[in-house]
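Scroll down for the structure; my scribbles are underneath it.
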Amino acid sequence: MLVSYEKLTADPDSEFREICRFIGLEWDPAVLSGEQSAYGQHRQKGTMQTRAEQVARPIKSRTGVWREVLSEDQARYVRKKTRQL
């Protein structure tokens, strides 16, 4: 299954429902709450604490932000590597 970042961030509920259906799991809206993630069940440190904070945030679209972050050479490299997709 190919999941588009743009679709995932524009409509996380529908996309995660489809992902769950595809892999044979029952849909649970708690998936998007971030509160009951495996990261939140234990006190985390360092990188894992950062990850726990990230998964607890709502999903939001950052489509196009790459234009502000990547140089033209970096963008060209990514386009070349992902052209098939």
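None of the figures in this text is laboratory data; all of them are computed from the coordinates on show. Just so it is clear, the model here is predicted, and its values are computed rather than measured. Here Cβ is always computed from backbone atoms with ideal geometry, including for glycine, and neighbour counts include all displayed protein chains.
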For this session: Compute the signed sum of charges (Lys and Arg +1, Asp and Glu -1) over the other residues within less than 15 Å, Cβ to Cβ, of LYS80.
Result: +2
Exercise. Once phi is turned into ³J(HN,Hα) by the Karplus curve 6.51 cos²θ - 1.76 cosθ + 1.60 with θ = phi - 60°, what whole-Hz value does each residue of the stretch 6-12 show in order, with x for glycine and proline?
Worked result: 4, 5, 4, 7, 6, 8, x
Exercise. What is the packing order of peptides 47-55, 7-15, taking the mean over residues of other C-beta atoms within 10 Å and listing the highest first?
Worked result: 7-15, 47-55
For this session: Divide by every residue of the chain the summed helix terms, -39500 (n - 2.57) for each DSSP H run of at least 4, and state the resulting mean residue ellipticity at 222 nm, rounded to the nearest 500 deg cm²/dmol.
Result: -14500 deg cm²/dmol
Exercise. For Rg and Dmax of the Cα atoms in Å, the choices are (1) 15.9, 43; (2) 12.9, 45; (3) 14.2, 38; which was calculated from the structure?
Worked result: (1)
Exercise. Which of the aspartates and glutamates could be linked to LYS81 by a straight reach, that is with a Cα gap under 13 Å, when you skip same-chain ones fewer than 8 residues away?
Worked result: ASP73
